[in-house]
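Working notes for the structure below.
The values are calculated or read from the model by the stated rules, or taken from the named source; none is laboratory data. All values reported here derive from a predicted model rather than from experimental measurement. Please note: Cβ atoms are built from the backbone with ideal geometry, for glycine as well, and neighbour counts cover all protein chains shown.
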Amino acid sequence: MSASFFSIDFFLDQFYLPLYLLTWIISLLRYRRFFDTALKYLPILIIYTFFTELLGYFIKYNDEFQFFSDGRYAWHNVIIYNIYQVVFFIFFFEVYRKLVQNPAIKKQIHYLSIFCLLTYVVNAIFLNPLHNQMTYAHIIGSGIMLYILTIYFREKYLEESPYPLKFNLMFWISSGLTVFYTLFPLISIIYLLNLNIEIQIYFRPILLTSIAVMYSLIIIGLLVGKRKAFR
């Protein structure tokens, strides 16, 4: 493994990697504030995110990290992102299922989680997930996420709580998820339209910015969140 992978240029180009790592470290330092909540596995998800991105980079740019012996596919790393996105969706769907108060909504989220999984299965039948983004499933999962987030925010708006929202970790996480999953499906749809590569290249900075905003909001929530204000 070349030392250049850990150079300053590497971290500048892959700025979200240190951002994930920083978020993970802060989540561990603040873990006592949410260790017995629906977010108790959040640090695991964050470090999983970090290693997924790190592995994805190595597969794409280092010949020592390859899933396929065929040179045409040596750089293909999409499968790890397809798996990651499923895990990410199911994790947060389950978090919100536990947090919402309405039993009917809880059941609805449960069925939506199953539906989301089925969309990935169907997408994988028509497009090989080893070599293709599960874009259709990503878009549907994003729509489900936004729907659940809307339900959560509505409950918070109607809820009477003695604690300001600024001290609620879930409020900050939900805000970050809203930013990312508003832009992610739109960019995915644009990708499906197969526009000129010169046009598509402008959307990567937008996607990376949304990632930076999402994790910045999560970090703020971890720093200012109070245990009693959680939910």
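Which of the residues belonging to region 114-133 are of a type in the set (S, T, N, Q) and either exposed (fewer than 15 other Cβ atoms within 10 Å of the Cβ) or assigned to a helix (DSSP H, G or I) (or both)?
Going residue by residue through region 114-133, those that are of a type in the set (S, T, N, Q) are 119, 123, 128, 132-133.
Thr119, Asn123, Asn128 - these are the residues of region 114-133 that are of a type in the set (S, T, N, Q) and either exposed (fewer than 15 other Cβ atoms within 10 Å of the Cβ) or assigned to a helix (DSSP H, G or I) (or both).
In this structure, is Tyr147 part of a helix (DSSP H, G or I), free of Cβ contacts under 8 Å to residues at least 12 places away in the same chain and surrounded by fewer than 17 Cβ atoms within 10 Å (Cβ to Cβ)?
Numbers: part of a helix (DSSP H, G or I): yes; free of Cβ contacts under 8 Å to residues at least 12 places away in the same chain: no; surrounded by fewer than 17 Cβ atoms within 10 Å (Cβ to Cβ): yes.
For Tyr147, the condition - part of a helix (DSSP H, G or I), free of Cβ contacts under 8 Å to residues at least 12 places away in the same chain and surrounded by fewer than 17 Cβ atoms within 10 Å (Cβ to Cβ) - is not met.
Mind checking which pairs have a first residue in region 43-56 that is crowded, with 18+ Cβ neighbours inside 10 Å and at pLDDT 95 or above and a second that is small (Gly, Ala, Ser) and in a helix (DSSP H, G or I), Cβ under 8 Å, 6 or more apart or different chains?
Final answer for the pair search is Pro43/Ser27; Ile46/Ser27.
If you check Ser216 against the conditions, is it at pLDDT below 95 and polar (S, T, N, Q)?
Numbers: at pLDDT below 95: no; polar (S, T, N, Q): yes.
Against the criterion (at pLDDT below 95 and polar (S, T, N, Q)), Ser216 does not qualify.
Filter region 1-40 down to the residues that are aromatic (Phe, Trp, Tyr), farther than 15 Å from Gly225 by Cα and surrounded by 14 or more Cβ atoms within 10 Å (Cβ to Cβ), then identify the one that is modelled with the lowest pLDDT.
Filtering region 1-40 for residues aromatic (Phe, Trp, Tyr) gives 5-6, 10-11, 15-16, 20, 24, 31, 34-35.
Imposing the further condition that a residue be farther than 15 Å from Gly225 by Cα reduces the set to 5-6, 10-11, 15-16, 20, 24.
Keeping just the survivors that are surrounded by 14 or more Cβ atoms within 10 Å (Cβ to Cβ) gives 5, 10-11, 16, 20, 24.
Working: Phe5: 53, Phe10: 59, Phe11: 59, Tyr16: 87, Tyr20: 96, Trp24: 98.
Ranking the candidates gives Phe5 first.
So, of the residues in region 57-84 that are of a type in the set (Phe, Trp, Tyr) and within 20 Å of Met134 (Cα to Cα), which turns out to be modelled with the highest pLDDT? Explain how you work it out, then say what you get.
Kept after step one, since they are of a type in the set (Phe, Trp, Tyr), are these residues of region 57-84: 57-58, 61, 65, 67-68, 73, 75, 81, 84.
Filter once more, so that each one left must be within 20 Å of Met134 (Cα to Cα): 57, 67-68, 73, 75, 81, 84.
Working: Tyr57: 83, Phe67: 60, Phe68: 53, Tyr73: 48, Trp75: 47, Tyr81: 94, Tyr84: 97.
The residue in question is Tyr84.
Mind listing whichever residues of region 120-177 are aliphatic (A, V, I, L, M) and more than 26 Å from Asn82 (Cβ to Cβ)? So that I can check it myself, show each step before the final result.
Filtering region 120-177 down to residues aliphatic (A, V, I, L, M) leaves 121-122, 124-125, 127, 130, 134, 137, 139-140, 144-146, 148-149, 151, 158, 165, 169-170, 173, 177.
Across region 120-177, the qualifying residues are Ile151, Leu158, Leu165, Leu169, Met170.
Residue-wise test of (1) surrounded by 15 or more Cβ atoms within 10 Å (Cβ to Cβ); (2) among the β-branched types (Val, Ile, Thr); (3) over 18 Å from Phe34 (Cβ atoms).
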position	(1), (2), (3)
Lys166	no, no, no
Gly176	yes, no, no
Thr182	no, yes, yes
Ser188	yes, no, yes
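Which residue is nearest to Tyr152 (Cα to Cα), if the candidates are limited to region 91-103 and must be touching a residue at least 24 places away in the same chain (Cβ under 8 Å) and over 19 Å from the mean Cα position of the chain (by Cα)?
Residues of region 91-103 that are touching a residue at least 24 places away in the same chain (Cβ under 8 Å), as a first pass: 91-96, 98-102.
Next, from what is left, pick out any that are over 19 Å from the mean Cα position of the chain (by Cα): 100-102.
Details: Val100: 7, Gln101: 9, Asn102: 10 Å.
Restricting to residues being touching a residue at least 24 places away in the same chain (Cβ under 8 Å) and over 19 Å from the mean Cα position of the chain (by Cα), the top hit is Val100.
Restrict the check to region 104-126 and report whether at least one residue is within 24 Å of Ala212 (Cβ to Cβ) and either modelled with pLDDT of 95 or more or more than 19 Å from the chain's Cα centre (by Cα) (or both). Quick ask: steps written out before the conclusion?
Residues of region 104-126 that are within 24 Å of Ala212 (Cβ to Cβ), as a first pass: none.
Checked against the condition, which is being within 24 Å of Ala212 (Cβ to Cβ) and either modelled with pLDDT of 95 or more or more than 19 Å from the chain's Cα centre (by Cα) (or both), region 104-126 yields no hits at all.
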